[in-house]
1. Which of (1) within 19 Å of the chain's Cα centre (by Cα); (2) surrounded by fewer than 19 Cβ atoms within 10 Å (Cβ to Cβ); (3) modelled with pLDDT under 90 is the odd one out, the single condition residue 233 does not satisfy?
2. Here are 256, 190: which of them is in contact (Cβ under 8 Å) with a residue 12 or more places away in the chain, under 20 Å from residue 10 (Cβ atoms) and either out of contact with any strand residue (DSSP E or B) (no Cβ under 8 Å at 6 or more places or on another chain) or in a helix (DSSP H, G or I) (or both)?
3. Quick one: residue 70 ticks every box in (1) surrounded by 11 or more Cβ atoms within 10 Å (Cβ to Cβ); (2) within 30 Å of the chain's Cα centre (by Cα) bar one, so which box is it?
4. Within segment 94-106, track down each residue that is over 21 Å from the mean Cα position of the chain (by Cα) and in contact (Cβ under 8 Å) with a residue 24 or more places away in the chain.
5. When you go through (1) under 26 Å from residue 46 (Cβ atoms); (2) touching a helix residue (DSSP H, G or I) at 6+ places or on another chain (Cβ under 6 Å) one by one for residue 203, which number turns out not to apply?
6. Considering only segment 35-67, how many residues are surrounded by 13 or more Cβ atoms within 10 Å (Cβ to Cβ) and under 24 Å from residue 155 (Cα atoms)?
7. Is it fair to say residue 148 is part of a helix (DSSP H, G or I) and under 30 Å from residue 250 (Cβ atoms)?
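The values are calculated or read from the model by the stated rules, or taken from the named source; none is laboratory data. Not measured: the values here are computed from a predicted model. Cβ placement follows ideal geometry from the backbone for every residue including glycine, while neighbour counts extend to all protein chains displayed.
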C-alpha cells in the first residue's frame, strides 16, 4: 500500500511539474510574441540589441581593467624603482603613437604579460618572473608586442566581439525557451511518473532536450571559431609591429620561447603570449587564441634572416 501511495504521489508531482513547465513555456511564448508583434519594428529591436551589446562591451572593457588589477594584486612600477624600463616604454609608446601606459607587476600562475586599454589610456601587466627570465632586449620586445595590441585596439575589438557573441547566444536561448521548457517539462514529468525522476534525461523528451542543448553548443562553437582565428591573426600582426619598433625579431622569438618553456607548456589564464597545451593537434590549434609557438618563432626567425640579408645585424630604435 505504501508503495502504491508513493507512486501516486510521484505521479502527482510529475503532473505538477508538467503544469509548471507548461506555464513557463506559455508565458515565455507570450512574451516573445509581444516583442515580435508589438509596436517596435524588427529593425528597432535589432537596433536596441546592437546598442546594448556595444554599451555592455564598452563597460566591460572600460571598467574590467581596474577589477582585474585588483584580483591579481598588481602593483604599479615607478620611475624611482624602474627608470630604464619605463624610459623604454615611453620611447616605444611614442613610436606606436599611443599615450604612455601604466606598467604593473604581478605574481601570476605562469610567466606572462598582457595589455589592456585603449591608445589613450592603457596598462601593461608583467609577471615578476619575467625580470629574471628575460634579458633587456627580450623584455623590450615583449613590451613592444603588448603596445602593438594597444595601438590597434585589439582588446576593445575582441571585447566587443565576445559581447556580440553573448548577445546572439542570449537571443537564441530566449527564442528557443518555450520549446526547451516544453520538452524539459514532459521529460521530467514522465520520469516522475515512472518513479525515476533523476533519470529524466533518459526519456525520449529528455534525449530530445539534450539534442537541442548540443545543437546550441555547436552553434556557439561555430560562431566562436572566427573570433579565435581573428585573435591568432592579431598575434602575428603584433609580433610584426613589435619587430618594426625594436628591430630585434630574434629577441622576441627568444622571449616567446623562454616564456613557453618556463610555463611548461601549460594552459594559462590571461595568457597573451602563449596559450598552448601539451598535446598539440589541429583541433587544439583551432581552439587556441594564439598561434603555435613554433609558428610564431619560425616567422620571427625568417624575418631576422631577411633583415640580416638586407641590412646586416638587427638595429634597435633610439
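1. Exception for residue 233: condition (3).
2. On the way: 256 fails: under 20 Å from residue 10 (Cβ atoms).
Result of the check over 256, 190: 190.
3. Result: residue 70 fails condition (1) only.
4. 95, 96, 97, 98, 101, 102, 103, 104, 105
5. Here residue 203 clears every test but (1).
6. Final tally of qualifying residues: 12.
7. yes
Residue-wise test of (1) in contact with a strand residue (DSSP E or B) (Cβ under 8 Å, 6 or more places away or on another chain); (2) not in a loop (DSSP other than H, G, I, E, B).
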| residue | (1), (2) |
| --- | --- |
| 35 | no, yes |
| 52 | no, yes |
| 56 | no, yes |
| 67 | no, yes |
| 81 | no, no |
| 95 | no, yes |
| 111 | yes, no |
